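Colleague: Pasting in a structure now, in structure tokens, and then I'll have a few things to ask.
Coordinate-derived values only; no laboratory data. Given the structure is predicted, the values throughout are model-derived calculations rather than measurements. A quick note on method: Cβ atoms are made from the backbone with ideal geometry, for glycine too, and the neighbour counts reach across all protein chains shown.
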Amino acid sequence: MEIQTIGIVGAGQMGNGIAHVMALAGYDVQLNDVSTDALKQAVELVEGNMARQVGRGKVSEADMTAALARIKTTPTLTDLGQSDLVIEAATERETVKQAIFEDLLPHLKPTTILTSNTSSISITRLASRTDRPEKFMGFHFMNPVPVMQLVELIRGIATDEETFSACKQVVDKLGKTAASAEDFPAFIVNRILMPMINEAVYTLYEGVGNVQSIDSSMKLGANHPMGPLELADFIGLDTCLAIMNVLHDGLADTKYRPCPLLTKYVEAGWLGRKTQRGFYDYRGDAPVPTR
């Protein structure tokens, strides 16, 4: 099937980024969120990010105007029912995602493909709670969506070839690269990335190095563009902890045990950039290490 209309659930950081790239690629987008304020902010953010692309010569003014006209917003979830493809990009909690799909099901076309932007939750399990497990898969964008080139496409145990092929065509049209992943905890990127971040937190917890020395070592010694603790702050420490718990619970291996210091930061509400404090304090003119 050819996909033309796309419904996106969640207007947060990932949802607005997905709306941005889909609209630029020529798809008609309906963006949904329970908060009308979040929808308004998302459209403003997309417009600002596209304007920056125009300023850098990456997007023409005409393409930006056309793309913005393709984005419609709605606070009513069921309005997404007639979309060819639905991408759920709500909070990383399985019960929330299940409730969204449950509410959508009675309003979907028989041909609608359901996908989740989850970074770690079982696609097979999410799909099993719907009426179309063969038309369900993981569609995992990297953050920030307009910049990052990779999209993980994750098949559940029941996902059919037609569904995979249709989603792969969308990724190709976006000018991004698809990585096919099997449905195991955290898939490919986070299966490798999160234990590295967790190990960096252990290195801090055990006093092997401070925040600055750990991040500098990985930037200058391993040529990483961003240190692991700085990256954890960017991702969100609550998200990092949630993914480590999924790995630990799903694979039952002690090497995925979340560092107690990571748990402590999350308990303190120091979640990184979004709360102004994490492994760095962002409240001043420049980030300052908190340990």
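Colleague: Determine the equivalent ellipsoid of the range 12-97 by diagonalising the alpha-carbon gyration tensor, then write out the semi-axes as square roots of 5 times the eigenvalues, largest first, rounded to whole Å.
Modeller: Ellipsoid half-lengths, sorted descending, are 24, 14, 11 Å.
Colleague: Pull up all non-local amide H partners of D183: gap of 5 or more, or a different chain, and H-to-H distance under 5 Å with H placed in the peptide plane.
Modeller: Answer set, sorted by chain and number: R155.
Colleague: Starting from the amide H of I3, placed 1.01 Å from N in the peptide plane, find each other amide H under 5 Å away whose residue is 5 or more places distant or on another chain.
Modeller: The list, which skips near neighbours in sequence, is empty: none.
Colleague: Can you tell me the dipole magnitude for the range 5-182 around its Cα centre, using point charges on the Cβ only (Lys, Arg +1; Asp, Glu -1), in Debye to the nearest 20?
Modeller: Details: 17 positive and 22 negative charges, 61 e Å.
In total the dipole reaches around 300 debye.
Colleague: So which of K135/K168; K168/K274; K97/K173; K109/K135 end up more than 22 Å apart, counting from Cα to Cα?
Modeller: Exceeds cut-off: K168/K274; K97/K173.
Colleague: Follow-up. Using Cα pairs closer than 8 Å and at least 6 residues apart in sequence, work out the relative contact order for the chain, in percent.
Modeller: Rounded, it is 13 percent for the chain.
Colleague: If you take all C-alpha pairs in the range 191-289, what percent of them are over 25 Å apart? Write out the running numbers ahead of the final one.
Modeller: On the way: 626 of 4851 pairs.
Distances greater than 25 Å cover 13 percent of the Cα pairs.
Colleague: Ignoring solvent entirely, what values of log10 I(q)/I(0) come out of the Debye formula for the chain at 0.08, 0.13, 0.16 Å⁻¹ when each Cα is a single scatterer?
Modeller: These q points yield log10 I(q)/I(0) values of -0.36, -0.94, -1.32.
Colleague: Now for a different question. Between Rg and the Kirkwood Rh of the range 22-180, both from Cα atoms, what is the Rg to Rh ratio?
Modeller: Computed over Cα atoms, the ratio is 0.96.
Colleague: Kindly point out which whole DSSP H helices in the chain project their C-alpha atoms 27 angstrom or further along the helix axis while averaging a Kyte-Doolittle hydropathy of 1.6 or above.
Modeller: none
Colleague: Sticking with this structure for a sec: Considering the dipole of the range 5-182 built from charges on the beta carbon (Lys and Arg +1, Asp and Glu -1) around the Cα centre, which of V86, G26, M148 is farthest to its positive end?
Modeller: Among V86, G26, M148, the one farthest towards the positive end of the dipole of the range 5-182 is M148.
Colleague: Separate question: Find the centroid of the Cα atoms in the range 36-80 and in the range 132-179, then give the distance between the two in whole Å.
Modeller: 22 Å
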